[in-house]
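Quick notes on the structure that follows.
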Amino acid sequence: MLKQIQTAVALIYPPRCLGCGGLVESDFGLCGSCWRETPFIGGTICDGCGLPVLGANDGFRLECDDCMAHPRVWSRGRAALLYRDQARALILALKHGDRIDIAKPAAAWMVRASAALLDDAPLIAPVPLHWTRLLKRRYNQSALLARELARQTGLEYCVDMLQRRRRTASLDGKTRAQRFAALGDAISANTRHRLLMQGRVILLVDDVMTSGATLTACSDACLQGGAADVRVVTLARVTKQ
Ligand SMILES: [Zn+2]
Ligand SMILES: [Zn+2]
């Protein structure tokens, strides 16, 4: 029955490329040419943030310059894409353009990127939006990604594990120091889920990592709330170049 419904839905809504809207054969999201223009991360990567790094993986922990200069509060991080070109367009569409259909294939890319972080049954939690922003935007793109990631991996998911205590100004265009200062103690663990968090590995999910200020504030909140370990996965990582 479900199969028939799926077939019927596929006939009415044939899968379309997330990038150009052209018809595609599978649900994986992109046509061949948009796929080639989307900067998927591969090869040797930084264990802190998922950026590609030079050199071969010899089994030791590798870190990019940024993670070496600013040691991370979380233990390991991954990203599916570099934040540029087609990836940037997709993320802006997901964030501001009501293109929530992007979440499902994007989460599949994140599952692939974060495969090494999924042991110990991590609890999946999104970076929170302040409720006033949620009202305005109607959805939290990080929560959409986190929910899909949980669905595709079968891992436990908690939408309000973390909360924004106060509204912070947009971090766009701010320096690294300004970003960290703006966040301060703005994010805290939800006391309602205190027991759930005790001794757990938390996998934090966000759409984009720039300086890591928001993920740092979230990781601090998890560790203060009793989490044993925090890992992070983002859809895209901003590069300096
Ligand atoms: Zn396309
Ligand atoms: Zn790094």
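What the table shows:
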quantity: At most 13 other Cβ within 10 Å, DSSP loop - trypsin sites (Lys or Arg not before Pro), the stretch 115-161; calculated: Arg138
quantity: Candidates Met197, Met68, Met110, ranked by Gaussian network fluctuation over the chain, Cα under 10 Å, top entry; calculated: Met68
quantity: Whole-Å semi-axes of the ellipsoid equivalent to the chain (Cα gyration tensor, √5λ, descending); calculated: 28, 22, 19
quantity: Test item: Cα-centred dipole of the chain, Lys/Arg +1 and Asp/Glu -1 on Cβ, debye; calculated: 840
quantity: Range of Cα positions in the stretch 180-241 per principal axis (Å), largest first; calculated: 42, 22, 15
quantity: Largest to smallest principal axis extent of the C-alpha atoms in the stretch 39-79, angstrom; calculated: 24, 23, 15
quantity: Computed [θ] at 222 nm, deg cm²/dmol, the chain (DSSP H ≥ 4; -39,500 (n - 2.57); rounded to nearest 500); calculated: -10000 deg cm²/dmol
quantity: The stretch 40-125 - convex hull of alpha carbons, volume per residue in Å³; calculated: 128
quantity: Whole-number percent relative contact order across the chain, with pairs defined as alpha carbons under 8 Å at least 6 apart; calculated: 20
quantity: Stokes-Einstein diffusion coefficient of the stretch 79-193, Kirkwood radius over Cα pairs, 25 °C, 0.890 mPa s, in µm²/s; calculated: 159
quantity: Cα centroid separation - the stretch 217-234 against the stretch 38-78, whole Å; calculated: 19
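Values quoted throughout were computed directly from the atomic coordinates according to the rules given, and no laboratory measurement underlies them. Small disclaimer: the values here were computed from a predicted structure and weren't measured. A quick note on method: Cβ atoms are made from the backbone with ideal geometry, for glycine too, and the neighbour counts reach across all protein chains shown.
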